[in-house]
Amino acid sequence: MPNVSLDEFKKIEITVGEILEAEKVPETDKLLKLKVNFNEANPRQIISGIAGYFPNEKDLVGKKCMFVTNLEPRIIRGFESQGMILALSSDEGKFSLLEPNDEIPAGTRAK
């Protein structure tokens, strides 16, 4: 991967969001539709390819995770996605969402 400058990196808005709802996107194996609270007027919809790691998608409800919140909206399988959840996976199949500690409220942005 090419290096990015600090100015380029500063353009990425990383925000804590609390997952309010999670459901599988019909006719897909990998996609979940999340409703996420960012302490804005309305929750955002995020479409994410993490369904394989969560056999029961309801386990995500109530989790606070880190999201990129200034991506251009994108249509995925007919649903608008208004951001991206941040997660890690290893070559060995290990997976982790990026989660802040419980003291950090939804809507908090990385500085």
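Before moving on, here are some points about what is shown:
- Condition check for Asn37: of a type outside the set (Asp, Glu) and in contact with a strand residue (DSSP E or B) (Cβ under 9 Å, 6 or more places away or on another chain): yes
- Taking every residue in region 93-111 that is touching a residue at least 40 places away in the same chain (Cβ under 8 Å) and pairing it with any residue that is of a type in the set (Phe, Trp, Tyr) and assigned to a loop (DSSP other than H, G, I, E, B), at least 6 positions away or on another chain, the pairs with Cβ-Cβ distances below 7 Å are Ala106/Phe38; Gly107/Phe38.
- Checklist (1) free of Cβ contacts under 8 Å to residues at least 24 places away in the same chain; (2) at positive phi applied to Asn39, failing item: (1)
- For region 3-25, the set of residues classified as under 30 Å from Asn56 (Cβ atoms) and without any contact (Cβ under 8 Å) to a residue 60 or more places away in the chain consists of Ile19, Leu20, Glu21, Ala22, Glu23, Lys24, Val25, listed by residue number.
- Selected residue (criterion: surrounded by the most Cβ atoms within 10 Å (Cβ to Cβ)) from residues of region 42-59 that are hydrophobic (A, V, I, L, M, F, W, C) and under 17 Å from Ser81 (Cα atoms): Ile46
- The residues listed here are Ala22, Ala106; of these, the one that is modelled with pLDDT of 95 or more, of a type in the set (Gly, Ala, Ser), surrounded by 18 or more Cβ atoms within 10 Å (Cβ to Cβ) and part of a strand (DSSP E or B) is Ala22.
- Only one of Ile50, Ile75, Ile46 that is β-branched (Val, Ile, Thr) and farther than 15 Å from Glu21 by Cβ: Ile75
- Top-ranked residue of region 77-94 - restricted to ones that are of a type outside the set (Gly, Ala, Ser) and over 14 Å from the mean Cα position of the chain (by Cα), ranked as nearest to Asp29 (Cα to Cα): Arg77
The values are calculated or read from the model by the stated rules, or taken from the named source; none is laboratory data. From a predicted model like this one, the values you see are computed outputs, not experimental measurements. Virtual Cβ from ideal backbone geometry, glycine too; neighbours counted across all protein chains shown.
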